[in-house]
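The values are calculated or read from the model by the stated rules, or taken from the named source; none is laboratory data. No experiment lies behind these values; they were computed from the predicted model shown. Every residue, glycine as well, gets a Cβ built from its backbone with ideal geometry; the counts of neighbours run over all protein chains shown. Surface accessibility is based on the protein's heavy atoms, side chains included, excluding ligands, DNA and RNA. Shrake-Rupley method; radii C 1.70, N 1.55, O 1.52, S 1.80 Å.
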Amino acid sequence: MFVLLLGAPGSGKGTQGKIVAERLGLPKITTGDILRAAVRAETPLGLQAKKYMDDGKLVPDAVILSLIKEELAKPEAKEGAVFDGFPRTAAQAELVDTTLGERGQRLSKVLLLDVPEEELLQRLTARAAQENRSDDTPEAIRTRLQVYQRDTAPLVAHYAQRGIVHRVPGTGTIEEIATEIQRIVGR
Ligand code: ADP
């Protein structure tokens, strides 16, 4: 089963993705983590990506599409995976659809974590004080929220056409939200 967690920055995709992936026994593929590791290791990918990430902008599809291809081709992602942080653009969604389609597979469920904007801002600002992410500056946070609305939110309509979008209120406790996701995913 392939499950996509969709939601704005700060909506809890990482936290809930980890819980659901463990329960399903599937790998979680998180482009943000892969990119941050690449930045730390100063690989060519990391060097290309850093500037965009620090500004809160999307790393260009020209760079990301090959990364996604590589991740989907890994043996552990053969039977299923939980996607966190991608697809984030129409081109990325198309690549995922095509790649899975060629294998006779498809996304089964899109979990849309819904959190009001004020709450997102509060969470991201609080996290900025704890973690040390270089994209948690007020300006980058604002950009990330705008970029989500502009480039990623339209994917909801794309997947809704297929009837696979499940809206999950993202404001309860971690356990409440996890339980709701479990109900939707069926295990
Ligand atoms: P958040 O959802 O809180 O913004 P992520 O870890 O998902 O955090 O992403 C952090 C940054 O990494 C993004 O702002 C962007 O620069 C880059 N990034 C992650 N995933 C993608 C992707 N699929 N396409 C383009 N850029 C990405």
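The charge dipole of the chain, taken about the Cα centre with unit charges on the Cβ atoms of Lys, Arg (+1) and Asp, Glu (-1), comes to about 340 debye, rounded to the nearest 20. If R0 equals 25 Å, the separation of the Cβ atoms of Ala73 and Asp33 corresponds to a calculated FRET efficiency of about 0.90. Rounded to the nearest whole angstrom, the semi-axes of the ellipsoid equivalent to segment 2-185, taken from the Cα gyration tensor as √(5λ), stand at 23, 21, 15, largest first. For the pair Arg142 and Val156, the difference between a 0.36 nm per residue extended length and the Cα-Cα distance amounts to 3.0 nm.
In this structure the amide hydrogen of Gly85, modeled in the peptide plane, comes within under 5 Å of the amide hydrogens of Leu5, none closer than 5 places in sequence on its chain. If you sort Tyr159, Tyr52, Tyr148 by accessible surface, 1.4 Å probe, largest first, the order is Tyr52, Tyr148, Tyr159. Mean sequence separation of contacting Cα pairs (under 8 Å, at least six apart), scaled by the length of the chain, corresponds to a relative contact order of 35 percent. Residues whose amide H lies under 5 Å from that of Thr171, counting only those 5 or more places away or on a different chain, are absent; hydrogens are built 1.01 Å from N in the peptide plane. Spatially, segment 22-57 and segment 100-116 are offset by 20 Å when compared through their Cα centroids.
With the simple spin-label model, which puts each label point 7 Å out from Cα in the Cβ direction, the Ala41 to Asp55 separation comes to 2.6 nm. Between Thr171 and Thr99, the FRET efficiency from the beta-carbon distance, with R0 = 35 Å, is close to 0.55. Helical runs assigned H by DSSP (4 residues or longer) give the chain a calculated mean residue ellipticity at 222 nm of -17000 deg cm²/dmol, each run adding -39500 (n - 2.57) before division by the residue total. Taking amide H as placed 1.01 Å from N in the peptide plane, Leu107 has no amide H partner under 5 Å among residues 5 or more places away or on another chain. Mind running the shape call on segment 7-70? Use the C-alpha gyration tensor, a ≥ b ≥ c as the square roots of the eigenvalues: rounded below 1.5 for a/c, prolate if a/b tops b/c, oblate otherwise. Since a/c reaches 1.5 and a/b is larger than b/c, the shape of segment 7-70 is classed as prolate.
Note on segment 27-171: lysine pairs with Cα distance below 22 Å, sequence gap of 8 or more or different chains, count 10.
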